[in-house]
Amino acid sequence: MSGLPLISFDYAIKYLLKDKGDYSIVEGFISAVLKSVGYSEVKIIALLESEGGKEDSRSTRSLADVIVEDKNKNKYIIEIERNVKDSFTHKSCFNTSWLIVDNLVQREDYTQIVKVFHISLLYFPIGNGPIYHGKTIIHEVETNERLNVHITNQETKEVFNATEILPEYFYISVPLFSDRLEKEIDDWLYVMKHDEVPKKFHSRYMNQVSEKLNILTMSLEDRANYSYYRKKLCNDRDELKAAESRDIEKAIEQGIAKGKSEEKLEIARNLLSANLQISFIANATGLSEAAIKELQKK
């Protein structure tokens, strides 16, 4: 099974959601991510589109916006996006806010807001591990007591903590996956990093991944679209590397300039200790007489 040429997983998400009859692979991935922090498996029950199609850029902004449901009939919005920019936290905050507003439409009953999980697939390293998860937890300032606001769902009569409605974020740094296959989510990380299925795996979806994401099974049109996508992705990554290089060069230049400045100050201190005239020291170091007088005071 390993070694088959597979469609990259970020592209595959959109590709697979075109098949209205079978979302199982995308469901498997979302479920693996949620289960890694204690949630249960989910099923996709609807694909989201912006209200009235008024925001066409949603299709380019996100890989997927879907509504899912777990075994307890809890519904969530899942957003998945690919990101090669270091402003990913700002973008994820913006996107979740947009999703909440866009799907509340014009209702005034804010209890109808559906919880959003945002999943960012990042193609650059962050931190020291491949997956970061965050949620908003509200504490009392002095006692550190966690706030719980209990509300009853009028439809299901289920009592829930209203603070749990706040969005949660997953940042998956694909390059930092260590290739250790210890749990289900590791299989998906392996596929994302290597574009192939591992020889030994935990997820029951891997056989489907191998079959459905095989490039050789794509139509000529789909292959052409995929080729264009990969080219654009490479261009985005090149832009990121170029930006990183510029930042490094700038930091080096600043370091050199700082070193030269400190060297001049050290020379000025030595000349001051030799009781030389301030005008002479200014000419010798290039520092202003005011700066040397300030140094003399210190």
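What to note about this one:
- Condition check for Phe29: in contact with a helix residue (DSSP H, G or I) (Cβ under 6 Å, 6 or more places away or on another chain), modelled with pLDDT of 95 or more and not β-branched (Val, Ile, Thr): yes
- Scan of the range 110-121 for residues that are of a type in the set (Ser, Thr, Tyr) and surrounded by fewer than 18 Cβ atoms within 10 Å (Cβ to Cβ), ordered by number: Tyr110, Thr111
- From the options Lys258, Lys232, residue that is modelled with pLDDT of 70 or more and in a helix (DSSP H, G or I): Lys232
- Residue within the range 211-221 that is part of a helix (DSSP H, G or I), at pLDDT 90 or above and either among the aromatic types (Phe, Trp, Tyr) or loosely packed, with under 11 Cβ neighbours inside 10 Å (or both) present: no
- Residues in the range 284-295 include at least one that is of a type in the set (Ser, Thr, Tyr), open to solvent by 60 Å² or more (accessible area, probe 1.4 Å), more than 30 Å from Ser31 (Cβ to Cβ) and modelled with pLDDT of 70 or more.
- Among the criteria (1) over 26 Å from Val33 (Cβ atoms); (2) surrounded by 10 or more Cβ atoms within 10 Å (Cβ to Cβ); (3) modelled with pLDDT of 75 or more, the one Glu253 does not fulfil is (3).
- Residue pairs meeting the criteria (Cβ under 8 Å; at least 6 apart or on separate chains; first touching a residue at least 24 places away in the same chain (Cβ under 8 Å), in the range 115-142; second open to solvent by 80 Å² or more (accessible area, probe 1.4 Å) and part of a loop (DSSP other than H, G, I, E, B)): Phe124/Asp86
- Test result for Asp195, farther than 30 Å from Gln112 by Cα, surrounded by 11 or more Cβ atoms within 10 Å (Cβ to Cβ), touching a residue at least 60 places away in the same chain (Cβ under 8 Å) and of a type outside the set (Phe, Trp, Tyr): yes
- Residue among Asn144, Asn161 that alone is more than 23 Å from the chain's Cα centre (by Cα) and open to solvent by 80 Å² or more (accessible area, probe 1.4 Å): Asn144
- Some residue of the range 182-192 being of a type in the set (A, V, I, L, M, F, W, C) and part of a loop (DSSP other than H, G, I, E, B): no
- Considering residues of the range 122-133 that are open to solvent by less than 70 Å² (accessible area, probe 1.4 Å) and in contact with a Pro (Cβ under 9 Å, 6 or more places away or on another chain) only, the residue nearest to Leu63 (Cα to Cα): Leu122
The values are calculated or read from the model by the stated rules, or taken from the named source; none is laboratory data. What you see is a predicted model; the values in this text were computed from it and never measured. Glycine gets a Cβ as well: all are built from the backbone with ideal geometry, and neighbour counts include every protein chain shown. These accessible areas exclude ligands, DNA and RNA; they are computed on the full protein's heavy atoms, side chains included. Shrake-Rupley method; radii C 1.70, N 1.55, O 1.52, S 1.80 Å.
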